[in-house]
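Since the structure comes first, as structure tokens, the remarks are kept for the end.
Where a number appears in this text, it was derived from the coordinates with a stated rule and is not lab data. This is a predicted model, so every value here is computed, not measured. For neighbour counting, all protein chains shown are included, and Cβ atoms are generated from backbone atoms with ideal geometry for every residue, glycine included.
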Amino acid sequence: MSQAPTPGNGEPVAIICGGGTLPLTVAAAVGRDGRPVVLFPIHGWADPSAFEGYRHHWLHLGSAGRFRRLAHQEGCRDVVMIGNVIRPAIRDLRFDWLTLRLLPRVFRIFKGGDDTLLSGIAKLFEEHGFRLVGAHEVAPEILVAEGPLGLVKPSAAHEDDIARGFELIAAINAFDVGQAVVVANNRVLAIEAAEGTDQMLDRIAALRAGGRINIPENSGVLVKAPKPTQDRRIDLPSIGPRTIEKATQAKLAGIAVAAGETIIAEPARVAEAADRAGLFVVGKRPGATP
């Protein structure tokens, strides 16, 4: 545990922190709004050196009892989950006494896609006196706004690919797959599944290198949006500087995301990197006319 609680008004917000910079971005935004925060970084994912400026308690995946006890002690009712965590196998969870009591339910919620898992976790929080809130609800500035982020803008042909990408994400909603697709010249090149966005873009780069995708360089669009029935409090799609790096390696023309429903890490760095690479990055309202 680190320093004393940050001064502020209202109940403290508990932030369960995965990897990446977003947890600290959210914590800083909540602090500016006058609410104290207590961070719960996850061993193996969160950066061990990143939390010294905040009151914090480390967690293992599966330590539900430790979280409940400490969060209640800290006076936290609102809980935010943010940051990168790859879905674990049940055998990788570090069970404590509460998790063991809940084990039959844990097995059930692990049988299904990510939406099933995350909605099950949300219900568990609520049953133990917490209120799960979206990171964007306590830090709305982390969402991508409508319009281009940098200097490069999509062409009319890119707009067609963007529209097709949004339609595809909506169409696969019932299958609880991913939140990202790659479309080029009206052709679907990839749909995100368990591998995540970065590895999907690595796959596009490998297919290009192997001659399996015979399209010009700097064509194709990465499209990201939440599934229509997705719980917006958890697992909104996100982009950051690494997304730009991977899209550049995949030789895409740009990135389009659902405005107001996609989280962005380090927007200034994203815009700068995209301009340097000649990529467009744009927030769009799915279904809106270009």
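Within the same chain, lysines fewer than 8 places from Lys123 are excluded, and of the rest, those with a Cα less than 25 Å from its Cα are Lys111, Lys227. A convex hull fitted around the alpha carbon atoms of segment 143-222 yields 119 Å³ per residue. Rg and Dmax over the alpha-carbon atoms of segment 143-284 stand at 13.6, 40 Å. Exposure proxy for Thr197, Thr248: other Cβ atoms within 10 Å of each Cβ, ordered fewest to most, give Thr248, Thr197. In loop segments of segment 208-290 as defined by DSSP, the GluC sites (Glu not before Pro) with at most 14 further C-beta atoms inside 10 Å of their C-beta are Glu217. Among the trypsin sites (Lys or Arg not before Pro) in segment 157-235, those located in a DSSP loop and surrounded by at most 13 other Cβ atoms within 10 Å of their own Cβ are Arg212, Arg232. Working from label points 7 Å from Cα in the Cα-to-Cβ sense, the Thr21 to Glu137 distance is 2.7 nm. Put a plus charge on the Cβ of each Lys and Arg, a minus charge on the Cβ of each Asp and Glu, and nothing anywhere else: the dipole of segment 190-246 about its Cα centre is then about 120 debye.
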